[in-house]
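Below: the structure, in structure tokens.
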Amino acid sequence: MPTAPAVPLVPVLLVPVLLLGLLAGPPASAAPAARPATATAPASDPPATARAAADPRWRFYSADRRHYRSGWFAGRHRIMIPFGCTRAPYYSPDPRCSGGRGFHHGLDVAMPCGTRLKARIRLRVVGSAGLGPAYGRRPLRLRSHRLGVDVVIGHARRVRVHPGDLVPRGAVLARASDDGAPDGCHLHFEQRALGGGLSSAMHPRRLLALRR
Ligand SMILES: [Zn+2]
């Protein structure tokens with residue numbers, strides 16, 4: 001008969017050690033300072049059903065009156081200006097569009113000021129230089145090498161992340177605001193090629209994954 005190995009003793013010894021660890025709570029160094037995006041959200045979010053918080057400045061250039069969820073934001077909200085040719089007056093006439101309409105390079109989702117913006121996927125924050133004042137003072141440019149896309153988000157405020165940060169899925173990035181927006185609080189979601197300019201913008205349909 002083989003001799004009993006010493007290995008089964010190890011879990012027996014570990015149990016009291018683990019129990020002591022649980023009682024003592026996590027060590028003070030458990031929260032890595034290099035990942036501020038994982039900080040928990042304050043409890044001051046507007047409720048998901050805050051229809052009463054509708055912004056009187058909103059103007060909807062979409063026949064779609066449904067409210068959508070997405071991993072990018074808290075709550076359910078309406079599309080304000082879709083991607084592509086639009087009657088919205090904020091854009092110069094574009095040769096791609098008939099009737100003097102302009103071209104919207106992203107998709108605007110109307111949401112009450114302060115609504116949480118979250119990372120739907122794991123992303124790297126990259127510099128947002130050159131985006132211009134139309135995106136607000138703190139636009140976000142986020143990169144997914146896995147998907148091969150950049151995500152540009154306009155009208156954010158209280159931005160918690162910085163260029164170089166690797167942001168885990170679900171992390172709160174910022175809040176929706178009206179910074180740089182004449183038409184009330186909303187977020188502008190734009191999908192570009194990796195490192196690409198405005199001309200590389202494409203419909204962010206799959207990226208946003210809006211659902212009812
Ligand atoms: Zn927009």
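Annotations
- Sorted on the mean count of surrounding Cβ atoms within 10 Å across their residues, most packed first, peptides 200-210, 124-134 read 200-210, 124-134.
- Computed over all pairs of different Cα atoms, the Kirkwood value for the hydrodynamic radius of the stretch 48-208 is 15.8 Å.
- Per residue, the convex hull volume that the Cα atoms of the stretch 131-209 enclose (Å³): 105 Å³
- Per-residue ³J(HN,Hα) for the stretch 174-189, Karplus 6.51 cos²θ - 1.76 cosθ + 1.60, θ = phi - 60°, Hz, x for Gly and Pro: 5, 10, 6, 8, 10, 5, x, 10, x, 10, x, 6, 6, 10, 9, 10
- The protection proxy used here, the mean number of other Cβ atoms lying within 10 Å of each residue, ranks peptides 152-158, 169-175 as follows, highest first: 152-158, 169-175.
- Modelled spin labels at Arg66 and Met202, positioned 7 Å past Cα toward Cβ, are 2.3 nm from each other.
- Each Lys and Arg Cβ is given +1 and each Asp and Glu Cβ -1; about its Cα centre, the stretch 48-208 then shows a dipole of about 620 debye.
- The amide H of Val167, built 1.01 Å from its N in the peptide plane, has Leu123, Arg124, Val125 as neighbours under 5 Å, considering only residues 5 or more places off or on other chains.
- Computed from backbone phi, the HN-Hα couplings of the stretch 87-97 come to 7, 4, x, 8, 10, 5, x, 10, x, 6, 10 Hz, rounded to whole numbers (Karplus: 6.51 cos²θ - 1.76 cosθ + 1.60, θ = phi - 60°; Gly and Pro given as x).
- The share of Cα pairs per 10 Å bin across the stretch 71-156, counted from zero up to the longest distance, runs 15, 40, 36, 9, 0 percent.
Each reported figure results from applying straightforward, stated rules to the coordinates on display, with no laboratory input. Bear in mind the structure is a predicted one, so any value in this text is a computation, not a measurement. Cβ coordinates were reconstructed from backbone atoms using ideal geometry, including for glycine residues, and neighbour counts include every protein chain displayed.
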